[in-house]
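Contents: one structure, followed by commentary.
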């Protein structure tokens, strides 16, 4: 288990950067704890795209999110492999009773591949999928 890494989901990232989000205060507390514990933040470009699409209406927030991945030594952008995409599609096909997005499914697969068990999220899909420790 990778105790020094945590996966960052778009729901957390959006709440952290957008002050009017319901979970903004809690996201700031979590971020401070992660920084204090020197935890590496891991995510994917799919999560970045989802986050950036939400904040792109606000230039300042857009810049902050871009800086999060370009100027932050604790942030690791994990490349998504073709096999990750294929396995994510299998999850979507096998869990038709769930409303996981493709981004969620890719996140699940990447986390499993990396052995990252903890995820910072306010998205119920990670709980539905199981297998992970939620930080929220």
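Grouping the Cα pair distances of segment 1-66 into 10 Å bins from zero gives a pair-distance distribution of 21, 52, 25, 2 percent in increasing distance order.
Run the paramagnetic zone check for residue 24: 7 angstrom along Cα to Cβ, then residues of segment 100-136 with backbone nitrogen under 18 Å. Under 18 Å, as judged by backbone N against the label point of residue 24, lie 122 of segment 100-136.
Taking the square roots of 5 times each eigenvalue of the Cα gyration tensor of segment 45-115, largest first, gives ellipsoid semi-axes of 26, 16, 8 Å.
For the chain, the longest principal axis of the Cα atoms and the long axis of helix 24-36 meet at an angle of about 90 degrees. Remark: relative contact order (segment 13-136) = 21 percent; criterion is Cα-Cα distance under 8 angstrom and separation of 6 or more residues. Relative to the longest principal axis of the Cα atoms of the chain, the long axis of helix 45-55 makes an angle of roughly 50 degrees.
At 4 °C and 1.567 mPa s, grab the translational diffusion coefficient of the chain from Stokes-Einstein with a Kirkwood Rh over Cα pairs, rounded to a whole number in µm² per second.
86 µm²/s
Over the residues of the chain, the helix contribution to mean residue ellipticity at 222 nm works out to -17000 deg cm²/dmol, using -39500 (n - 2.57) for each DSSP H run of at least 4. Modelled spin labels at residue 64 and residue 128, positioned 7 Å past Cα toward Cβ, are 2.9 nm from each other.
Counting only alpha carbon atoms, the long axis of helix 82-94 and the longest principal axis of the chain meet at about 70°.
A short reminder: the numbers here are calculations on the coordinates, not readings from a lab. Just so you know, these numbers come straight off a predicted model, no measurement behind them. Every residue, glycine among them, receives a Cβ derived from its backbone with ideal geometry; neighbour counts consider all protein chains shown.
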